[in-house]
Amino acid sequence: MGLSRKTVATLSGNAQDKLGCMLETPQASWWYSSTVGIMTTVGSDNPQATRTISREVHSGPGSQPGLMTPQRLHADALATTRGVLQAYFQGALHDGTRSSLHKTHRFVQKGRDWLDRLRFMLALLGHSSWIYQEGRNRNDMYALETSAKFLDVDYDLGRLATDLDRIAYVRGYFDAEGGMPRLIDVRPFQIQLVQKDQNELGGVRDILTKLGIKCGRMHNPSRSVDPDYWRFYISAASVADFARVIGSWHPRKEQLLGMMI
C-alpha cells in the first residue's frame, strides 16, 4: 500500500509536522527505527529482525543531557538524517536514469514497495515525486520520478562527510545494485555488488573495507560476455557485519538481512 495523499501532503510541511507524521505513519516505522536509534522490529513481523542503531545522531559537541528534550532529539535527528537520506539517494541513483529534457530522475523496479519508501523519504526532504506503471506490457514494473535537485549522477564520494553518510550511501547502492539470495537458508549465502563503472565500484569497496567489512577482490566474470561488468562479493566472514552495519531499506533485502543480526 502506498502513502496516502494526506500523509504526503503533511510531509511537505515544516520539520516538526514531517517528524510527527513520520512517527504516526506505519510505513515509516522502518525508517525511524533504523535512523533515530530505537530498538524495534525493522520491516518484518519476525522478532529476530531487530536493530539498534548508533546514538551518534543524538549526540554532538557540547550536548547537555538536560537539554535533550524529545523535541530537541527529534530536531537533531532530522538535521543529521537529512544528510543521511541524501547520501542514500546518491547511492541508489546508480539504478536510476536522468532525463535532460524534463530535468528529472527515474527509479524503475519490479513492484512498488521500495519505490513507496523512496517517495516517503523524498517527501521528508521536501521534494515531490510520483509513481506510475512502466509500460503497458511490463507486468508489475513501476517507476518513481522526481525533480529533486540534490540528485547528481556524477556525485563525488569525497563529499560524504561522516561514516553515517558513507554507510547510507553504500546502503542505497546495495539496495539498487546489490544481489543476494531470496531465501535465508541458501548456502553459501552470498552478497554481491555490481556496476559497470570499475572506479565507482572500487570506491564502494574502499568504504566497506574501512568500516571493517571484508570484501573479495573486484573482478570481471567474463570479459568476452561483457568487458565492462564488474563485481565483488562480501566475504562470508563479514556477511553478518554487513547486515548489522550497512543493512537495507529495501523491503525484501531488509527482512532477510534482519534475520542475520
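Looking at (1) modelled with pLDDT of 90 or more; (2) part of a loop (DSSP other than H, G, I, E, B); (3) farther than 15 Å from GLY178 by Cα; (4) of a type in the set (Ser, Thr, Tyr), which is the one condition that is false for SER248? Only one criterion in (1) modelled with pLDDT of 90 or more; (2) part of a loop (DSSP other than H, G, I, E, B); (3) farther than 15 Å from GLY178 by Cα; (4) of a type in the set (Ser, Thr, Tyr) is unmet by SER248, namely (3). Is it the case that region 206-214 has a residue that's in contact with a Gly (Cβ under 8 Å, 6 or more places away or on another chain) and either under 19 Å from TYR169 (Cα atoms) or among the small types (Gly, Ala, Ser) (or both)? So far as region 206-214 goes, no, none of its residues is in contact with a Gly (Cβ under 8 Å, 6 or more places away or on another chain) and either under 19 Å from TYR169 (Cα atoms) or among the small types (Gly, Ala, Ser) (or both). Listed by position, the strands (runs of 3 or more DSSP E) inside region 114-215 whose residues that are over 30 Å from VAL239 (Cα atoms) number at least 1 are 129-133, 141-146.
Among the criteria (1) hydroxyl-bearing (Ser, Thr, Tyr); (2) surrounded by 14 or more Cβ atoms within 10 Å (Cβ to Cβ); (3) in a loop (DSSP other than H, G, I, E, B), the one SER222 does not fulfil is (2). Filter region 222-245 down to the residues that are modelled with pLDDT of 90 or more and of a type outside the set (A, V, I, L, M) and list them by number. Residues satisfying the conditions are TRP230, ARG231, PHE232, TYR233, SER235, SER238, ASP241, PHE242, ARG244. Only one of ARG106, ARG112 is closer than 27 Å to LEU201 by Cβ, basic (Lys, Arg), more than 12 Å from the chain's Cα centre (by Cα) and buried (at least 16 other Cβ atoms within 10 Å of the Cβ); which? The unique qualifying residue is ARG106. Considering VAL186, VAL225, the condition of being out of contact with any helix residue (DSSP H, G or I) (no Cβ under 9 Å at 6 or more places or on another chain) and under 22 Å from VAL245 (Cβ atoms) is satisfied by VAL186 alone. Summed over region 142-182, residues that are out of contact with any helix residue (DSSP H, G or I) (no Cβ under 8 Å at 6 or more places or on another chain), more than 17 Å from GLY203 (Cβ to Cβ) and not hydroxyl-bearing (Ser, Thr, Tyr) total 3. If you filter region 120-151 down to residues that are charged (D, E, K, R) and at pLDDT below 95, you find that the one that is surrounded by the most Cβ atoms within 10 Å (Cβ to Cβ) is GLU134.
Filtering LEU257, LEU193, LEU201 for residues that are farther than 21 Å from VAL108 by Cβ, buried (at least 16 other Cβ atoms within 10 Å of the Cβ) and either modelled with pLDDT under 90 or not acidic (Asp, Glu) (or both) leaves a single hit, LEU257. Among the residues examined, TYR155 qualifies as of a type in the set (Phe, Trp, Tyr), closer than 29 Å to ASN199 by Cα and out of contact with any Pro (no Cβ under 6 Å at 6 or more places or on another chain).
The values are calculated or read from the model by the stated rules, or taken from the named source; none is laboratory data. Keep in mind that this is a model prediction, so the values were computed, not measured. Using ideal geometry, Cβ is built from the backbone for each residue, glycine included, and neighbour counts are taken over all protein chains shown.
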